[in-house]
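The next block holds one structure in the form of structure tokens; read it before the comments.
The values are calculated or read from the model by the stated rules, or taken from the named source; none is laboratory data. All values derive from a computational prediction rather than experimental measurement. Methodologically, a virtual Cβ is constructed for each residue, glycine included, from the backbone with ideal geometry; neighbour enumeration extends over all protein chains shown. Ligands, DNA and RNA are excluded from the accessible area calculation, which covers all protein heavy atoms including side chains. Shrake-Rupley method; radii C 1.70, N 1.55, O 1.52, S 1.80 Å.
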Amino acid sequence: MNYRIAYTHDADTERRSLTAERRKLFENGMTALALNPYGCGSSSVRGDHDRRDATVGNIAFVTYLVSPSVVTVTVVKLVPLP
């Protein structure tokens with residue numbers, strides 16, 4: 001199943017601040033995460049199976065929420081890596 005990716009305003013602002021090359025790598029990583037939001041090296045946050053942290057494409061660290069009922073992954077925090 002392929003989940004839809006959504007971004008909060010702040011996370012989208014950080015995503016758009018990436019250079020074109022880094023954004024492409026990030027988007028490729030997010031495509032993989034959308035196919036397997038509980039995998040891809042992610043880990044649950046404070047024991048909540050649907051709240052996850054992951055490093056995406058060695059480009060950024062993200063915190064996201066998985067909403068299985070609406071097949072959506074919402075990125076709530078995106079921190080670009082140096």
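Once you place label points 7 Å from the Cα toward the Cβ at THR31 and SER69, how far apart are they in nm?
Output for this residue pair reads 3.1 nm.
Just the accessible area per residue of the chain, please: how many Å² with a 1.4 Å probe?
Averaged over the residues of the chain, the accessible area is 58 Å².
Looking at the chain, what % of its DSSP beta bridges pair antiparallel, to the nearest 5?
Around 80 percent of the beta bridges assigned by DSSP in the chain are antiparallel ones.
Which residue fluctuates most in the GNM of the chain (Cα springs below 10 Å): LEU33, LEU25, LEU65?
LEU25
How far, in degrees from 0 to 90, does helix 20-35 lean away from the longest principal axis of the Cα atoms of the chain, to the nearest 10?
For helix 20-35, the angle is close to 10 degrees.
Return the inverse of the average 1/r over all pairs of distinct C-alpha atoms in the chain, which is the Kirkwood hydrodynamic radius, in Å to one decimal.
Roughly 12.4 Å, rounded to one decimal.
So what is the relative contact order for the chain, in percent, with contacts set as C-alpha pairs under 8 Å and at least six apart?
It comes to 35 percent, rounded to a whole number.
For the chain, set up a GNM with springs between Cα atoms under 10 Å and report which of VAL45, VAL62, VAL70 has the largest fluctuation.
In this elastic network of the chain, the residue with the biggest mean-square fluctuation among VAL45, VAL62, VAL70 is VAL70.
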